[in-house]
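Bear in mind that the values in this text are calculations on the coordinates, not laboratory data. Please read all numbers here as calculations on a predicted model, not as lab measurements. We place every Cβ from the backbone using ideal geometry, glycine too, and count neighbours over all the protein chains shown.
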Ligand code: EPZ
């Protein structure tokens, strides 16, 4: 398994461009299962999870053409399998999303239960409850969910928790149900809006995405008379946050391009309260902007002499609250604050796997229940550390940027799941980083 060796401390400079969102790309790729047209996604990020999803869709019989210009063309009209097996689903939980569209279009689906992962049990009860309300027969047998539906009928579905995946699964399934479905207490993440926009572009009728109440008018088939359907996925707000924090933690001057800053209010509020020095430049104000419809730019500056980062108290929450996917990265930043911080995780029950690794680098973080108590003014030192999950890995990268000497980060395949070209982007920011391929660990 590959490892990364980062030599710190780093003084970053230059600019990077944020890639398309992993957490938008995955459900949008699954939604192609609904379409009777051929659809093209123009800007899928080159990530391990995207490759895994392409493989899953091909295993179902989808014809997928990956073009040289990065565009990917999907034709899902001749599926020959309705099963997502354990091997596939245990690799990537998002595989479970295929159950909704397969049920809706083909009336059947056998999808392995995802099982837990490093950050928690990650059950799917909310998904199954919603599918049953739409009229699906659910049979849990042999570690699989065998679902079938002669006719799906619209329903009112109240989610017990605003689950992102359940909202996405039910939006897709309800798109082909007879009648109207209302999902109440729906997730409000920007990726939900992106998926709804994609479904509507393919001929669906989804309204209210981004609010807690989403209405879906079922249609007989998802198709349009438009002969060429293509789509651009939104930028990745979690990747953007990670690189912005990289600029702040190293007290550097960098530019992060292709950001939809309105997706990141909670993150910017916390960073401002900590005393970070950055500004947001919108397209119209960016006179060098070659593309009128470009997204925002975030420019990070060194802090004014004598201004130090302050500790914070943050609770993760469903959107628009502070995202759990930036919790680990914020914790790395909090280590360099001039006072203690407390970060409480409310979304996943085991999302502190980065803590023992950060403590190996000299951090002093104490866990009590779902709260982490973080000492500030920490001088991090290099140590061999291990990635355990995607965002924990990002926290280790950030720590390595400020630690003295060479930090060896093992099992970076976790990083490759969600950070496109991370070595290249870090190198472009003047980071001394080397990927050492292979090795048993
Ligand atoms: C999505 O996961 C994201 N993944 C996660 O990002 C993100 O952390 C999460 O939403 C929360 O924002 C993708 O979009 C591919 P949930 P998802 O359903 O859909 C519990 C990353 O790092 N729950 O909102 O799986 C669940 O156990 C990844 O990019 C149930 O109990 O998240 C968890 O504790 C990690 N029953 C909480 O809800 C259910 O039926 C949030 O889960 C469903 C969820």
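Brief remarks on what is shown
- On Cα atoms only, tilt of 265-274 relative to the major axis of the chain in degrees: 10
- C-alpha long axis of helix 22-31 to longest principal axis of the chain, angle in °: 10
- Sorted peptide list for 307-320, 179-192, criterion being average Cβ within 10 angstrom, highest first: 179-192, 307-320
- Computed [θ] at 222 nm, deg cm²/dmol, the chain (DSSP H ≥ 4; -39,500 (n - 2.57); rounded to nearest 500): -8500 deg cm²/dmol
- Gyration tensor verdict on the stretch 367-441 (Cα atoms; rounded if a/c is under 1.5, prolate if a/b is larger than b/c, oblate otherwise): prolate
- Crossing angle, helix 190-201 versus the chain [Cα axis fit, 0-90 degrees, rounded to tens]: 30
- Radius, Kirkwood style, for the stretch 171-298 when every pair of distinct Cα atoms is counted (Å): 17.0
- Radius ratio Rg over Rh of the chain, counting only Cα atoms, Kirkwood formula for Rh: 0.97
- Whether the stretch 109-179 is rounded, prolate or oblate, judged on the alpha carbon gyration tensor where a/c under 1.5 counts as rounded: oblate
- Counting every other Cβ atom within 10 Å of each residue's Cβ, 253, 127, 414 order from fewest to most as 253, 414, 127.
- The share of Cα pairs per 10 Å bin across the stretch 22-231, counted from zero up to the longest distance, runs 9, 39, 40, 12, 0 percent.
- Global geometry of the stretch 34-110, whether rounded, prolate or oblate, following the gyration tensor of its Cα atoms and the 1.5 cut on a/c: oblate
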